[in-house]
Structure formats: structure tokens, C-alpha cells
Amino acid sequence: ERRSQCRATPFLDPAAMAAAKKFVQYEAGDLSVTVSGGYPEAERTVLFLCPEWLEAETEFRRQSPIAALAIGWPSKFYILRHRDLLGAILGLGVERDQVGDILVTEGKAQVLVLAGIADYIASQLEAAGRAPVSVTPLPLTELVPPVRRVKEIRATVASARLDSLLAAAFGLSRSKAVPLITAQRVEVNFEPVMEPAFMVETGSVLSVRGLGRARLVELAGKTKKGRLIAVLERFL
């Protein structure tokens, strides 16, 4: 606001992004904001903020604070995983919050980074693990996001309480779901929730440390006995 310029945060994980968005909503509501990680389903994202008289999405496309890199290696001889590539990049002196998602397939990876360090990584990264690698710029328009694998779950629940939906999503009894919640292992939309009776809204993401994530897609009516029909997606 003081400089009448747009600014991007570093990459934030989902919990930090939820906190940042809430802060902006309540403390700086006049700003124009957008969130992106380089592709629609990105987990690590940046919050792009502009003065209210600028359209954040338009400015984001114009200023391009995120860049993508394509990394390749001889897959016939080497297997590289996410941790290998992240370790090699951080070994260049790059901070973790300058790196977004790393999308790995056989023999290649797509890496999202802050635009300001893309050229440095491309010129300096020569190996990951024991494998030699090649790095080239990748236009965001040519990024190929992975297909997210999900399992659809349809269950009947007495209400949209957190403990009931958690049990349905992860194949638990309610008696086993409740201790997970009270032990602070559960988040709703990446914010900790410790109340089993918390009412979950459609579209919410349920995260359980050690079990994974699921999303409440919809509440599709009621059964003849008055129970809710919950449709959930569990991320595989």
C-alpha cells in the first residue's frame, strides 16, 4: 500500500497459507490478492498482494513471480525421488521457501521456484543424488500437472460432525476418530481443530497426521431414516 506495488510472499505450505489469508482478510482487507503455486492443484503456493486498484490475477500473470524448471536425468541408470531433488536444490544455498512443488515422474521432474532464483538453479544444478541432471526453463503454460488419485467414498452419517466424517473418510470407528481429534492430529482446511462436534462445511479438506487427507465433496440429501449422505474424496 505504501509503495503502490504488488508483492509476492515466498512459497507457503497449506497451513501457513491459511493463516496468511486469514490475516489479510481481517487486517488488510482493502488489498487485492490471489494465490497460485504455478498450477491449479499446487500444495505449496504464494500469496500475491496488490493495492486495491490493481487486479491481482492480472498483475500476477504480467509479473510472473513463479517460474518452472524441467530437470532430466538418465532414468536407465538412476532413480531420483522428491527428497533427492529438493536436497540438491537446497544444497545450492537456496532457502526452502523459495521452492514450490516438485513433480517427479520417471526420468524427469518439474520444479516450481520463485522467478528470481530460476536462472541461478538452472546454471548451478548439475547433479542430484549420484545422478547427473540437466536443467532447462519450462514455461508455466507447458507444465503438466500430475493426475491426483482419489478414492470416492459415500457414507451415511448422523450429522456433519468432524468425528463422524473423519470416521467415514478413513474407515475408522467414531471411538477411534475422537482421540485423533483431541490429540491435535486433525486439521480442517489446514487449521487445527480439537472439537469432535465441529461442524464441517462442504468443500472442506480434512487432514490427519499419519493418515492423509480427504475432502467433503457434498452432502447429497438424506436417507429415509434421516441420516445424511456424505460424499467424500480421499487423496491417495
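The values are calculated or read from the model by the stated rules, or taken from the named source; none is laboratory data. In this text, all values refer to a predicted model and were calculated from it rather than measured experimentally. All Cβ positions, glycine included, derive from the backbone under ideal geometry; neighbour counts span all protein chains shown. Protein only, heavy atoms only, side chains kept; ligands, DNA and RNA dropped before computing areas. Shrake-Rupley method; radii C 1.70, N 1.55, O 1.52, S 1.80 Å.
Taking all protein chains together, 213, 149, 44 sort by accessible area into 149, 213, 44, largest first [probe 1.4 Å]. For the listed residue pairs 22/151; 21/222; 21/224; 151/224; 22/224, the alpha carbons are over 32 angstrom apart in 21/222; 21/224; 22/224. Comparing 10, 206, 66 along the charge dipole axis of the chain, the residue lying farthest to the positive side is 206, per the Cβ-charge model. Ranked from largest to smallest solvent-accessible area, with a 1.4 Å probe on the protein heavy atoms, 120, 78, 26 come out as 26, 120, 78. Summing Cβ point charges (Lys, Arg +1; Asp, Glu -1) relative to the Cα centre of the range 40-157 gives a dipole of roughly 660 debye.
Taking the charge dipole of the chain about its Cα centre, with +1 at Lys and Arg Cβ atoms and -1 at Asp and Glu Cβ atoms, the residue from 186, 146, 132 reaching farthest to the positive side is 186. The value of relative contact order for the chain, using C-alpha pairs under 8 Å at least six residues apart, is 16 percent. For the chain, the longest principal axis of the Cα atoms and the long axis of helix 115-124 meet at an angle of about 60 degrees. Computed from the coordinates I sent, Cα Rg over 2.2 N^0.38 Å equals one of (i) 1.19; (ii) 1.01; (iii) 0.97. Tell me the label. Working out Cα Rg over 2.2 N^0.38 Å from the coordinates points to (i).
Net charge dipole, the range 145-204: roughly 340 debye, given to the nearest 20, about the Cα centre with Cβ charges of +1 for Lys and Arg and -1 for Asp and Glu. Between 0 and 90 degrees, the angle of helix 14-27 with respect to the longest Cα principal axis of the chain falls at about 80 degrees. What is the log10 of I(q)/I(0) for the range 96-172, computed with the Debye formula using one identical point scatterer on each Cα and no solvent, at q = 0.12, 0.22, 0.23 Å⁻¹? One equal scatterer on each Cα of the range 96-172 leads to -0.57, -1.05, -1.14. Residue-normalised convex hull volume from the C-alpha trace of the range 26-108: 119 Å³ per residue.
Dipole size of the range 95-209 about its Cα centre, with +1 on Lys/Arg Cβ and -1 on Asp/Glu Cβ: approximately 660 debye, rounded to the nearest 20. Among 147, 33, 113, which one shows the biggest mean-square fluctuation in a GNM of the chain, springs joining Cα atoms closer than 10 Å? Comparing 147, 33, 113 in a Gaussian network model of the chain, the most mobile one is 147.
Legend: residues 105, 223, 34, sorted from most to least accessible area (1.4 Å probe; ligands, DNA and RNA excluded), read 105, 223, 34.
Rounded to the nearest 500 deg cm²/dmol, what is the calculated helix-only ellipticity per residue at 222 nm for the chain, with -39500 (n - 2.57) per DSSP H run of length n ≥ 4?
Values: 6 runs with 59 residues, N = 236.
The per-residue figure over the chain is -7500 deg cm²/dmol.
The amide H of residue 42, built 1.01 Å from its N in the peptide plane, has 37 as neighbours under 5 Å, considering only residues 5 or more places off or on other chains. Sorted largest first, the principal axis extents computed over the alpha-carbon atoms of the range 14-63 equal 28, 26, 12 Å.
Remark on the range 36-176: Rg and Dmax equal 19.5, 58 Å (Cα only).
Of the residues 129, 107, 210, the one that moves most in a GNM of the chain with alpha-carbon contacts below 10 Å is 210.
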